[in-house]
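Please treat every number below as a calculation from the coordinates, not as lab data. Just so you know, these numbers come straight off a predicted model, no measurement behind them. Cβ sites come from the backbone with ideal geometry, for glycine too, and all protein chains shown count toward neighbours.
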Amino acid sequence: MKTTHFSGFDRRRFIQTIGASALAGFPALGVEGANDKVRLGLIGCGGKGEAHLAYFSGLKNVEFVAISDADTAHMAKGVKKLESQGQKTPVGQHQDYRDLLDRQDIDAVVIASPNHWHALHCIHACQAGKDVYVEKPVTHKMSESAPMIAAAEKYDRIVQAGTQNRSDTGLIDALDFIQSGEIGKITAVRGLCYRNRDSIGRAKNPPLKPPSTVDYNLWLGPALDLPLLRKRFHYDWHWIWNTGNGDIGNQAPHELDIISWFLGDPGLPAQMNSFGQRFVWDDAGQSPNMQTLWFELGDVPVIFELNDLWIKPGTNAAPSYKGTRVGMIVTCEGGEFRGGRGGGNIFSLDGKNKIQKFPGDAGNGHAQNFIDAVRSRNSDGLHGKLARSTQTAALSHLANLSHRSGSPATGKELREGALASSPDLLEVLDRQEAQLDRWSVDTSKTPYILGSDVTVDPSTGKLSGELANSPLANPQYRKGFTLPEKA
Ligand SMILES: NC(=O)c1ccc[n+]([C@@H]2O[C@H](COP(=O)([O-])OP(=O)(O)OC[C@H]3O[C@@H](n4cnc5c(N)ncnc54)[C@H](O)[C@@H]3O)[C@@H](O)[C@H]2O)c1
């Protein structure tokens, strides 16, 4: 395992190379006209990064010129992929992303690193004068929003979040239809994230050693240097708080994002609560596999159900609700939208009649939407605007803060206490307990965690109450990898 010395990001390097006057408000380096080639760099070439190599390369006059990954094996895989796609021009490989950002032949970067790196990678890219496409959740911690937005504004960068559902043609049409008022006002929203995930196990001889091809100092970056107890090095960082945000910060940001969008992006809820647990899986993961949230966005009540447990042992399938596994149900006075990525349908309230279909394209145009803004230097038409995306990422953070500061509660205690006045939440609990029963889980012996109420000051958009000062809400960064105080 190679280790690179990292003493932060030296912005002076950029000022020396490109000239101080150029740093604020200059267009993407080589993009001068509507059809000019946009040259990209990729930061993070794991599962999603590799998919981006095909996705962006499929656009007209868009080309990757360099890849960075802390794991040289992933970088090499990425180069092979570009070659197999027919790319003839050479692709630079930089294990240290600062070397990629140093290049003068890159207009924009696509960031598909783990969550704990998103803020720093994005800020450093803005400082280096690159436009940015950054994967969701755009932040790993709530406090990262402001410095990211400040950097994008200061350096006048185009920043798009990888929340591609906002580009889904079916969802765009469905929202238009709802906004036309034909089926009345929205009265309630249900978010659904039912995935059939499995346990991640535990390392045989912990701590797990990173693969020899990984520069672990660069991989770890701002995260704390804690023993790795998981079996698989890549991807499973999602389920460890130090680096990931659980599935409420992995799959669910997509659904939380479209809920916020359909409700007019009203900002953060004044209050959120939750109940959940990591049931059945006795493994190294820390995040819950059942997590139910309730809050109001604007004045609309939202219940969000995350449920990653199979329907029953031996049946590798996720449950569903009203025919939907991953998506949302938007109930209006005169009908109900059911759908998500790829569009959906509007049904009568009793679900018996399909009023209208809205077939979508899974947000296929999201990358082009970014490239168009890079060329026009105009962020107005961006579908994944950074400021909005930080707000929807914050919904995941609020959910996890609620869970992590909560206390054990049996199903009976939930039923008779926190959920007693909500028939909808009681119905969720009934379904979950029936499912848990099939796994021989008795919540009187293995209780849920009833989250604490998290509250947000509407005037500042910041956490309020006791939790605001707790270490959970003020996480640490590893020395040398703190966020810059000033953009
Ligand atoms: N928009 C979507 O639909 C979607 C889908 C999947 C994943 N994602 C997001 O993409 C991101 C990556 O997910 P993944 O599944 O590809 O994870 P992954 O673990 O497979 O890949 C992450 C890659 O980043 C690399 N990396 C770590 N530190 C780095 C650094 N300092 N510089 C450069 N590379 C570094 C890792 O070595 C790894 O190759 C996550 O934030 C995830 O939420 C988005």
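Suppose every K and R has +1 on its Cβ and every D and E has -1 on its Cβ; what is the size of the dipole of region 326-381 about the Cα centre, in Debye to the nearest 20?
Using Cβ point charges on Lys, Arg, Asp and Glu, region 326-381 gives about 180 debye.
Please compute the modelled spin-label separation between Asn61 and Ser84, points set 7 Å along Cα→Cβ, answer in nm with one decimal.
3.0 nm
Might you report the magnitude of the Cβ-based charge dipole of region 375-448 about its Cα centre, with Lys and Arg at +1 and Asp and Glu at -1, to the nearest 20 debye?
On the way: 10 positive and 9 negative charges, 132 e Å.
Result for region 375-448 is approximately 640 debye, rounded to the nearest 20.
Specify whether the C-alpha gyration tensor of region 403-462 places it in the rounded, prolate or oblate class, a ≥ b ≥ c being the square roots of the eigenvalues: rounded for a/c under 1.5, otherwise prolate if a/b is larger than b/c and oblate if not. Don't skip to the answer; put the middle values down first.
Numbers: a/c = 2.63, a/b = 1.95, b/c = 1.35.
It comes out prolate by the Cα gyration axes.
Just going by the charge dipole of region 287-440, with Lys and Arg at +1 and Asp and Glu at -1 on Cβ, which of Ser376, Tyr321, Asn307 is farthest out on the positive end?
Towards the positive end, the residue furthest out is Ser376.
Where Lys and Arg each count +1 and Asp and Glu each count -1, what net charge lies around Gly334 among other residues with Cβ under 11 Å from its Cβ? All intermediate terms of the calculation are to be shown ahead of the outcome.
Details: positive: Lys185; negative: Glu182, Glu333, Glu336.
Neighbour charge sum, excluding Gly334 itself: -2.
Would you mind checking the radius of gyration and Dmax of region 189-237 based on alpha-carbon positions, in Å?
Considering region 189-237 through its Cα atoms, Rg and Dmax are 14.5, 47 Å.
Please give me the summed charge of the neighbours of Pro227: other residues whose Cβ is under 12 Å from its Cβ, Lys and Arg +1, Asp and Glu -1.
Details: positive: Arg202, Lys209, Arg230; negative: Asp225.
Local net charge: +2.
For Lys48, Lys136, which order do you get if you count the other beta carbons within 10 Å of each Cβ and list the fewest first? Walk me through the numbers on the way to the answer.
Details: Lys48 17, Lys136 27.
Sorted ascending by nearby Cβ count, the order is Lys48, Lys136.
If you build the Cα gyration tensor of region 300-341 and take the root of 5 times each eigenvalue, what three semi-axes come out, in whole angstrom, biggest first?
Taking √(5λ) for each eigenvalue gives 25, 11, 8 Å, largest first.
Grab the Cα-Cα distance for Gln368 and Ser464, subtract it from 0.36 nm times how many residues apart they are, and report the gain in nm with one decimal.
Working: separation 96, 0.36 × 96 = 34.56 nm, distance 3.90 nm.
Using 0.36 nm per residue and subtracting the Cα-Cα distance, I get 30.7 nm.
Evaluate the relative contact order of region 241-314 (contact order divided by residue number), counting alpha-carbon pairs under 8 angstrom at least 6 apart; express in whole percent. Walk me through the intermediate numbers first.
Working: 92 pairs, mean separation 21.3, N = 74.
It rounds to 29 percent for region 241-314.
Only Cα pairs under 8 Å and at least 6 apart count here; give the relative contact order of the chain as a rounded whole percent. Present the calculation step by step, with values, prior to reporting the outcome.
On the way: 1044 pairs, mean separation 92.4, N = 487.
It comes to 19 percent, rounded to a whole number.
Against the longest alpha carbon principal axis of the chain, how many degrees, from 0 to 90 and to the nearest 10, is the axis of helix 366-376 turned?
Between the helix axis and the principal axis of the chain, the angle is about 40 degrees.
So what are region 338-435's ellipsoid semi-axes, whole angstrom, largest first, if each one is the square root of 5 times an eigenvalue of the alpha-carbon gyration tensor?
So the three semi-axes of region 338-435 are 37, 24, 10 Å.
Arranged by the count of other C-beta atoms within 10 angstrom, fewest first, what order do Ser145, Ser379 take?
Details: Ser145 22, Ser379 17.
Ordered by Cβ neighbours within 10 Å, fewest first: Ser379, Ser145.
Between region 151-168 and region 283-351, how far is it from one alpha carbon centroid to the other, in angstrom?
Cα centres, region 151-168 to region 283-351: 27 Å.
Shape call for region 234-387 from the C-alpha gyration tensor, a ≥ b ≥ c root eigenvalues: rounded (a/c under 1.5), prolate (a/b greater than b/c) or oblate?
oblate
Tally Lys/Arg at +1 and Asp/Glu at -1 over every other residue whose Cβ is under 14 Å from the Cβ of Phe275; what's the total?
Details: positive: Arg278, Arg404, Lys412, Arg415, Arg431; negative: Glu305, Glu413, Glu416, Asp424, Glu427, Asp430, Glu433, Asp453.
It works out to a net charge of -3.
For region 422-487, build the charge dipole from Cβ charges (+1 Lys, Arg; -1 Asp, Glu) around the Cα centre, then report which of Ser422, Gln476, Ser464 sits farthest towards its positive end.
Gln476
Report the charge-dipole magnitude of region 105-144 in Debye, nearest 20, computed about the Cα centre from +1 at each Lys and Arg Cβ and -1 at each Asp and Glu Cβ. Mind dumping the intermediate values first?
Values: 3 positive and 5 negative charges, 41 e Å.
Charge dipole, region 105-144, about its Cα centre: 200 debye, nearest 20.
How large is the Kirkwood hydrodynamic radius of the chain, counting all unique pairs of alpha carbons, in Å?
Values: mean 1/r = 0.0429 Å⁻¹.
Over the chain, the inverse of the mean reciprocal pair distance is 23.3 Å.
Please name whichever of Ser145, Ala108, Gln291 sits farthest to the positive end of the charge dipole of the chain, dipole taken about the Cα centre and charges placed at Cβ: Lys and Arg +1, Asp and Glu -1.
Ala108
Obtain the nm distance between the two label points defined at Thr446 and Lys354 by a simple spin-label model: each point lies 7 Å from its Cα along the Cα-to-C-beta direction.
Going from the Thr446 label point to the Lys354 one covers 3.8 nm.
How far apart, in nm, are the 7 Å Cα→Cβ label points at Trp281 and Thr213?
2.5 nm
Need the full-extension length gain, Ser180 to Ser199, defined as separation in residues times 0.36 nm minus the C-alpha distance. One decimal, nm. Provide the component values of the computation, followed by the final result.
Values: separation 19, 0.36 × 19 = 6.84 nm, distance 4.45 nm.
Value of the extension gain: 2.4 nm.
Sorting His234, His383, His397 on the 10 Å Cβ count, fewest up front, what's the list? Show your work: numbers first, answer last.
Numbers: His234 15, His383 21, His397 26.
Going from least to most buried by this count: His234, His383, His397.
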